[in-house]
Amino acid sequence: MIEHIAYILVGITLLVWSADRFTDGAAAVAQNFGVSRLIVGLTIVAIGSSAPEIFVSILDSIKTCPPGIDECGPEVAIGNALGSNITNVALVLGITALVRPLMINSGMIKREIPILFVVSLAVLYFFWDLRLSHIEGIILLSTLVGYFIWLVHMGIKSRSSKDRMLEEIVDELPEKMSSPKAIFWLVLGLVLLVASSKILIVGASGFALQMGVSETLIGLTIVALGTSLPELAASISAVLKNEHEIAIGNVVGSNIFNLLGVLGIPALIAAPVVEREILTIDYPVMLALSIALAVMAYGIRGPGKINRIEGSILLAAFIGYYIVRVF
């Protein structure tokens, strides 16, 4: 048991660190090749922030079954996708709003939230038969490509209107670095992402086996919490610099990416079975939190805002969800 816990802790720590190095290296390489800072921020940095979930999803989809288990699927990946979405809204935005109330004025964010709902409903439809098929994986990943194309198009179009979130994305890009140094961090980050994801999957699978619980539950809780740490750190850092829009934008974009990419990968590779509890517990919680986020982002009276009281409610919802799901 101690060995499995150590694997999980080492895996999460290396995963978070290597994701930052990979993102910085990839962003610098792209800029050195002449890609605009806005496009780098909207695509490469966005993908890099979800790199922990992506690599956990890939490694979980191609893992070998533990001794004595004839069949196993990417349960950690499925749990990680939904659990990360729940954690992003309830924990990340909850804590961030407690640090400083969040003001939401970005038009880009308000355009992305309807996309989040459409994607969420599509995932519900795919979940309904308790299995993700290869075709559904292709649909999810193809939609992810379309989402990025739309994101870049809208970003360029909205840049002239001086959308606050777009300005913050460009301002937050890492400093320029030489191509050799950028390539070094890119390669090192990629290697460590693969290695740390493997370590985390081994630890999570072993821990679930020892505890007699499903790997989906471990993905929903421990793994989701660990892989959401970059979003938490980025959101708190952003709000302390009065970059409120980027704090919200990170969460909305990450949640869309998780549903399309982190679920799409195991569907394409392994066509996994979905636990019934996902439909009865986890998906409804995720959808309810998405609705709450939309209400706060659009604002009923006046501009969108997440104040400290609402942040406390989100954090309490996160704690309550964990208690119900675990016990």
Handout entry: Verdict on THR43 being of a type in the set (S, T, N, Q), assigned to a helix (DSSP H, G or I) and at pLDDT below 85
Key = yes
Practice task
Would you mention how many residues in region 262-281 are in a helix (DSSP H, G or I), surrounded by 23 or more Cβ atoms within 10 Å (Cβ to Cβ) and not β-branched (Val, Ile, Thr)?
Solution key: 3
Practice task
Report yes if LEU193 is open to solvent by 20 Å² or more (accessible area, probe 1.4 Å) and either farther than 20 Å from THR43 by Cβ or not hydroxyl-bearing (Ser, Thr, Tyr) (or both), otherwise no.
Solution key: no
Practice task
Return the only residue of ASP60, ASP20 being modelled with pLDDT under 85 and surrounded by fewer than 21 Cβ atoms within 10 Å (Cβ to Cβ).
Solution key: ASP20
Problem - Single unsatisfied condition, PHE126 versus (1) open to solvent by less than 30 Å² (accessible area, probe 1.4 Å); (2) within 19 Å of the chain's Cα centre (by Cα); (3) under 19 Å from SER57 (Cβ atoms) - result: (2)
Exercise for the section: Spot the failing condition for ASP282; the list is (1) at pLDDT below 90; (2) within 28 Å of MET211 (Cβ to Cβ); (3) not aliphatic (A, V, I, L, M), and only one is missed. Expected result: (1)
Handout entry: Selected residue (criterion: nearest to TRP185 (Cα to Cα)) from residues of region 6-16 that are modelled with pLDDT of 85 or more and of a type in the set (A, V, I, L, M, F, W, C)
Key = LEU14
Practice task
Could you grab the pairs with beta carbons closer than 7 Å, sequence gap of 6+ or different chains, first residue in region 12-25 and of a type in the set (D, E, K, R), second one open to solvent by less than 20 Å² (accessible area, probe 1.4 Å)?
Solution key: ARG21/GLY189
Practice task
Those residues that are among the polar types (S, T, N, Q), open to solvent by 20 Å² or more (accessible area, probe 1.4 Å) and either at negative phi or in contact with a Cys (Cβ under 7 Å, 6 or more places away or on another chain) (or both), I need them from region 211-261; list them, please.
Solution key: SER214, SER237, ASN250
Fill in the blank from the handout: Residue pairs qualifying under the 8 Å Cβ cut-off, at least six apart or on distinct chains, with the first in region 177-194 being under 15 Å from THR13 (Cα atoms) and of a type outside the set (Val, Ile, Thr) and the second being assigned to a helix (DSSP H, G or I) and open to solvent by 80 Å² or more (accessible area, probe 1.4 Å), are LEU192/TRP17
Practice task
Please list, ordered by first then second residue, the pairs with beta carbon atoms under 7 Å, 6 or more apart or interchain, first in region 223-234 and touching a residue at least 24 places away in the same chain (Cβ under 8 Å), second among the acidic types (Asp, Glu) and open to solvent by less than 20 Å² (accessible area, probe 1.4 Å).
Solution key: THR227/GLU53
Exercise for the section: Answer yes if at least one residue in region 243-253 is among the acidic types (Asp, Glu) and under 21 Å from the mean Cα position of the chain (by Cα), and no otherwise. Expected result: yes
Problem - Any helices (runs of 4 or more DSSP H) falling wholly within region 103-200 and containing at least 3 residues that are at pLDDT 90 or above - result: 107-127, 134-159
Fill in the blank from the handout: Given the conditions (1) farther than 16 Å from VAL119 by Cβ; (2) open to solvent by 10 Å² or more (accessible area, probe 1.4 Å), every one holds for ALA294 apart from (1)
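The values are calculated or read from the model by the stated rules, or taken from the named source; none is laboratory data. Everything numeric in this text was worked out from a predicted model, so none of it was measured. Cβ atoms come from the backbone with ideal geometry, glycine included; neighbour counts cover every protein chain shown. Ligands, DNA and RNA are stripped out before the accessible areas are found, and what is left, the full protein with its side chains, is counted by its heavy atoms. Shrake-Rupley method; radii C 1.70, N 1.55, O 1.52, S 1.80 Å.
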